[in-house]
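Have a look at the structure below, then the notes.
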Amino acid sequence: MALVVLNTAIANMALPTIAQSLHVSPALSIWIITANQAALLMALLPCAALGESFGYRRVFRWGVALFLAATLMCALAPTLYWLIAARLLQGLGGAAVMALAIALLRQVLPSQQLGAAIGWNALAVALSSAAGPAIGAAILSVADWPWLFAVLLPFGLWVLLAARALPAVDGTARKADLLSIALNAGTFASLVIAAGVISEHTSLAAALLAISAIQLMLLVNRERQKEAPLIPLDLLSSNSFRISVIASVLCFAGQTAGLVALPFYLQHSLGQEVLMTGLYMVPWPLTVALIAPLAGRLSNRWSTAWFCSVGGICLSTGLAGAALWPLQESLMMLVPLTMLCGLGFGLFNVANNRNMFLAAPISRSGAAGGMQGTARLLGQTAGAVIMTLLFNLFPADSTPQLALGVGALLNLFAALISALQGRQAYSYKS
């Protein structure tokens, strides 16, 4: 997970440098990110299904190997289009890691320890997210951008070798439905591309959204009668699992809106330099890293619905405080507010993920992992689209605070939805 998250964080911060080096516009360079995100969404559920069919470890290692080959292609990329193609392949490989990581943890540990394992997983993700920009900046200070990808190759080779120690659980040997995989890929590719062009080409975005919806309906109809559908309709029929997925989409949409809005607010409205903006953002992921292992252990003992509600309210309060507090007079107040955001996200995410996985039988852990990753990316995409729409509809000076308020509302809804459950998640033992 650290390998995949570091790759994303490093690439995101290096976009201006890559665009300048390859002599392309900033708008065109965004496709370096969009291609990777589209591939992840397209491949998460198919990788989960392949993991259940051929064995989690085997597909996980295939994914790491593809990720490594694509990373080498990124380091050697002579043009933007080569780099975009390589990032697409990186996303396909990374999807296997993201979809199957917690499914593999569930094979290693008993159910009563899963919350703690998810907490440590969240710690790795948070620290990687926080370290990525700093590592990228350090590399760019002494080397050209291809080294951003080259330095990941030794790390990736170690991951590939270490993965031999993962449990070799046999798969079900179910055949892959290629038409369903194609419909799934088309659904999410159309959705991500629509999100990328919605601000400049509204009609095209509307057409792509309609195409995405049609493909999704065809896919659901095709998979409805299957014992283990590609889109986990069997798991979504569970109230606990369904509410966890909806709450996750809302939480990640609100969090993304906040994380995108804060740098604009700090630099454009509050006049902060890039370095200071980065420093003011650090307390958020560091607090997630600190709280996640503790939240994992406590979520094994207390109601996950309660943890999700408290976490969502804390994150909502932090975002609302950042939007409403007169930071021009006391900018240091932003530090406890971002720490409150990190506390809330750590509590919510660990408990919600634990609930999602334990609401699924162990034989469908791969599908649960694919759905968990899909919910996260759908939320992040929605948050980015919300920011784009707000910037198009409102003055640039007021948009960041408005976006922080929208993020607060989305997380409040996530907290309320989690509270409606009012139950301890049902835990499958086999």
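Treating each Cα of segment 274-352 as an identical point scatterer and ignoring solvent, apply the Debye formula and state log10 I(q)/I(0) at q = 0.11, 0.25 Å⁻¹.
Log-scaled intensity ratios, in q order: -0.30, -1.06.
So how do 161-167, 350-356, 47-53, 34-40 stack up, highest first, on mean other-Cβ count within 10 Å? It would help to have the intermediate numbers written out before the result.
Working: 161-167: 12.3, 350-356: 29.3, 47-53: 25.7, 34-40: 23.9.
Ranked from most to least packed, the peptides come out as 350-356, 47-53, 34-40, 161-167.
Would you be so kind as to identify which of Ala419, Leu236, Cys74 lies farthest towards the positive end of the dipole of the chain, taking Lys and Arg as +1 and Asp and Glu as -1 on Cβ and the Cα centre as origin?
So the residue we want is Leu236.
Only loop residues by DSSP count here, and only those with at most 14 other Cβ atoms within 10 Å; note down the trypsin sites (Lys or Arg not before Pro) in segment 180-241 that meet that.
Arg224, Lys226
Quick one: length gained pulling Leu270 to His23 fully straight, 0.36 nm per residue minus the C-alpha distance?
85.8 nm
Sum -39500 (n - 2.57) across every DSSP H segment of at least 4 residues in the chain, then divide by the residue count to get the 222 nm mean residue ellipticity, nearest 500.
-26500 deg cm²/dmol
State the extension gain, in nm to one decimal, for the chain segment bounded by Trp158 and Ala138, taking 0.36 nm per residue of separation less the distance between their alpha-carbons.
5.0 nm
Select from Leu270, Ile313, Gly196 the residue farthest towards the positive end of the dipole of segment 186-334; place +1 on Cβ of Lys and Arg, -1 on Cβ of Asp and Glu, and compute about the Cα centre.
Ile313
Compute the separation of the alpha-carbon centres of segment 319-396 and segment 228-270 and state it in Å as a whole number.
That distance is 6 Å.
For a Förster distance of 35 Å, can you work out the FRET efficiency between the beta-carbons of Ala396 and Arg174, rounded to the nearest 0.05?
For R0 = 35 Å, the calculated efficiency reads 0.10.
Between Trp325 and Gln113, what length in nm is gained on full extension when 0.36 nm per residue of separation is reduced by their alpha carbon distance?
Residue separation times 0.36 nm, minus the Cα-Cα distance, leaves 72.3 nm.
Counting Lys and Arg as +1 and Asp and Glu as -1, each charge on the Cβ, what is the dipole of the chain about the Cα centre in debye, to the nearest 20?
1380 debye
For the chain, set up a GNM with springs between Cα atoms under 10 Å and report which of Leu279, Leu68, Leu208 has the largest fluctuation.
Judging by the Gaussian network model, the answer is Leu279.
For segment 107-264, with only Lys/Arg (+1) and Asp/Glu (-1) charged at the beta-carbon, what is the dipole magnitude about the Cα centre, in debye rounded to 20?
Working: 7 positive and 7 negative charges, 60 e Å.
Roughly 280 debye for segment 107-264.
Considering only protein heavy atoms and a 1.4 Å probe, what is the carbon-and-sulfur percentage of the accessible area of segment 9-59?
On the way: 1200 of 1880 Å².
Using a 1.4 Å probe with all protein chains present, segment 9-59 comes out at 64 percent carbon and sulfur.
For segment 199-276, with only Lys/Arg (+1) and Asp/Glu (-1) charged at the beta-carbon, what is the dipole magnitude about the Cα centre, in debye rounded to 20?
I would put it at about 280 debye.
By accessible area of protein heavy atoms, probe 1.4 Å, what ranking do Ile33, Ile193, Ile313 get, highest first?
My answer, sorted largest first, is Ile313, Ile193, Ile33.
Between Trp302 and Ala182, what is the spin-label point distance in nm, taking each point 7 Å from the Cα along the Cα→C-beta axis?
A separation of 5.1 nm, rounded to one decimal place.
Gaussian network model of the chain, Cα springs within a sub-10 Å range: biggest mean-square fluctuation belongs to which of Gln255, Gln113, Gln225?
Greatest mean-square fluctuation among the candidates belongs to Gln225.
Using alpha carbons only, how many angstrom separate the centre of segment 168-185 from the centre of segment 113-141?
Going from one Cα centre to the other spans 31 Å.
Over the chain, what is the relative contact order in percent, taking alpha-carbon pairs closer than 8 angstrom and at least six residues apart?
Once divided by the residue count of the chain, the mean separation gives 24 percent.
Just to verify a number: FRET efficiency for Ala210 and Leu236, C-beta to C-beta distance, R0 = 35 Å, to 0.05?
So, using R0 = 35 Å, E works out to roughly 0.95.
More than 42 angstrom separation, counting every C-alpha pair in the chain; what % is that?
In whole percent, the share of Cα-Cα pairs in the chain beyond 42 Å is 8.
Leaving out ligands and nucleic acids, and using a 1.4 Å probe, what accessible area per residue does segment 286-404 come to in Å²?
Heavy-atom SASA per residue in segment 286-404 reads 36 Å².
Whole number in Å², please: accessible area per residue of segment 1-46, 1.4 Å probe, ligands, DNA and RNA not counted.
Solvent-accessible surface per residue comes out at 36 Å².
If you plug each phi of segment 198-212 into the Karplus form 6.51 cos²θ - 1.76 cosθ + 1.60 with θ = phi - 60°, what whole-Hz ³J(HN,Hα) values come out, in order, with x for Gly and Pro?
Values, residue by residue: 4, 6, 9, 10, 4, 5, 4, 4, 4, 5, 5, 5, 5, 4, 4 Hz.
The values are calculated or read from the model by the stated rules, or taken from the named source; none is laboratory data. In this text, all values refer to a predicted model and were calculated from it rather than measured experimentally. Positions of Cβ are backbone-derived with ideal geometry, glycine not excepted, and every protein chain shown enters the neighbour counts. For accessibility, only protein heavy atoms count, side chains too; no ligands or nucleic acids. Shrake-Rupley method; radii C 1.70, N 1.55, O 1.52, S 1.80 Å.
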